[in-house]
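Participant: Pasting a structure below so you can have a look.
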Amino acid sequence: MRLLVNGVAARLGGGMRNLNPLIVALAEELTNADIEVFVPSRFEVKVTHPRVKWTPIDLPQGVSLRRLWWDNVTLPLLGRSADAIFSPLNFGPVFTGRPHVICQCSALYFDKPFIKTQPLPIRLSLEAGRLLAAVCMNRADAVVTPTESMAAMVRPLLWDKTKVSVAFHGFDVKAAKEMAERPMTAAAEQWSEGDVRLLHIGHPYDQKNLPMLARTLERVIDLLADVSVTLAVTFDEQHSEPSVTEFVDAAKAYGVFDQVSFLGAVANHDVYALYQHAHVLLFPSTSESFGIPVLEAFSVGTAVVAADIDSIAEVAGGLGYLHEPSNAAQAAQAVLSALSEDSSLAALRRSRAAEFSPKREVQIIAQLLRDAVSSGRQRPAS
């Protein structure tokens, strides 16, 4: 089998971090496959495989005419010599001429309550993205989502609702444990001096609900008047995202700015030491397809206080402390509950993280590709 992988959107977050191990594991599962992966020119290949070729492509970030041309003209032409195309990052070709499996792992295009909170230009952009994603999914042979809650979002847009399969993101607990033993980044020194150390991991996008962090921190400080409480966040104070400005303004307004350590972007192999030293991960995001920081925290036994949304509840499996997304008082009480919990819960969280087998995720995707190829469906490329 010759497989082309459309990974040109792997630029940030899970896409950048998870594509490399996913493809290498897929090569191990598809023992007869030669795989060519198209990635952004700045993509860093960290793991290689003799049957995987990484090909850099210079495309602008986000939806653009050049990206649409790549997905729907260049890639299908390249695909004429392939047996199948795999698009792991939300969008792909509409007309492929070859069997096509696509992963839909962004909730933002389908989360109607979140979309309604956005300014008109962003709302229109997300609506257009949902329309394009729906066309891509309907033309594909199979659609993969990382949670059942994400599947429930996309099924109403599909003519054939049976083509959706759920493959939980795989998680390597052994690697996480090893990385947790690394020294903490020097930027976390002030944060580590707190008696109660709260942590937030993630890119500062609007759906991350960052002002809620400041409100929760203020409430926790009030409830724990005799101890020092610190919060570390993995973005810079001067970050260009409007959500960061909102967070900084909220932290100053609530009088907790001095208790915040801005760590900036932290490499994936360094975040686990932060989880290891944190008492609680705060994750108030209002829209997620999966929520990988929940498993990252669980892998070292750290408690998670998160917004009560379907995907997070599904991943946490009853082991997270969930609160209404805008209720800071409830979130603060959840933090206190986490600080006084039974020590046995840490072991249960580690076991929960271990349930998300990387091998199982890859097995599901590999079988869908095999099924698509064996079906013999070849459609016109235009």
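The values are calculated or read from the model by the stated rules, or taken from the named source; none is laboratory data. Remember, it's a predicted structure, so these values are computed and weren't measured experimentally. Neighbour counts are summed over all protein chains in view; Cβ atoms, including those assigned to glycine, are modelled from backbone coordinates with ideal geometry. Surface accessibility is based on the protein's heavy atoms, side chains included, excluding ligands, DNA and RNA. Shrake-Rupley method; radii C 1.70, N 1.55, O 1.52, S 1.80 Å.
Participant: For the stretch 91-111, does any single residue satisfy the condition of being hydrophobic (A, V, I, L, M, F, W, C), modelled with pLDDT under 95 and assigned to a helix (DSSP H, G or I)?
Facilitator: yes
Participant: Among the listed residues V220, V248, V244, which satisfies the condition of being in contact with a strand residue (DSSP E or B) (Cβ under 6 Å, 6 or more places away or on another chain), hydrophobic (A, V, I, L, M, F, W, C) and in a helix (DSSP H, G or I)?
Facilitator: V220 is the lone residue from the list that is in contact with a strand residue (DSSP E or B) (Cβ under 6 Å, 6 or more places away or on another chain), hydrophobic (A, V, I, L, M, F, W, C) and in a helix (DSSP H, G or I).
Participant: For S326, all conditions in the list (1) of a type in the set (S, T, N, Q); (2) assigned to a helix (DSSP H, G or I); (3) touching a residue at least 40 places away in the same chain (Cβ under 8 Å); (4) open to solvent by 20 Å² or more (accessible area, probe 1.4 Å) hold save one; what is the number of the exception?
Facilitator: Of everything listed in (1) of a type in the set (S, T, N, Q); (2) assigned to a helix (DSSP H, G or I); (3) touching a residue at least 40 places away in the same chain (Cβ under 8 Å); (4) open to solvent by 20 Å² or more (accessible area, probe 1.4 Å), S326 misses just condition (2).
Participant: Now for a separate question. Which residues, taken from the stretch 126-152, are out of contact with any His (no Cβ under 9 Å at 6 or more places or on another chain) and free of Cβ contacts under 8 Å to residues at least 60 places away in the same chain?
Facilitator: Within the stretch 126-152, L126, E127, R130, L131, A133, A134, V135, M137, N138, V143, A151 qualify.
Participant: Taking the options R51, R66, name whichever one is more than 21 Å from I309 (Cα to Cα), surrounded by fewer than 19 Cβ atoms within 10 Å (Cβ to Cβ), touching a Pro at 6+ places or on another chain (Cβ under 7 Å) and without any contact (Cβ under 8 Å) to a residue 40 or more places away in the chain.
Facilitator: Going through R51, R66 in turn, the sole match is R66.
Participant: If you take the residues of the stretch 1-48 that are at pLDDT 85 or above, of a type in the set (D, E, K, R) and out of contact with any strand residue (DSSP E or B) (no Cβ under 7 Å at 6 or more places or on another chain), which of them is least open to solvent (accessible area, probe 1.4 Å)?
Facilitator: E29
Participant: Filter the stretch 125-148 down to the residues that are surrounded by fewer than 18 Cβ atoms within 10 Å (Cβ to Cβ) and over 23 Å from W70 (Cα atoms) and list them by number.
Facilitator: Result: E148, single match.
Participant: When you check E288 against the structure, is it assigned to a loop (DSSP other than H, G, I, E, B), open to solvent by 10 Å² or more (accessible area, probe 1.4 Å), at negative phi and acidic (D, E), yes or no?
Facilitator: Yes: the conditions hold for E288.
Participant: Check the stretch 268-285 and report whether any residue there is over 19 Å from the mean Cα position of the chain (by Cα), over 17 Å from A176 (Cβ atoms) and touching a residue at least 60 places away in the same chain (Cβ under 8 Å).
Facilitator: Yes: one or more hits.
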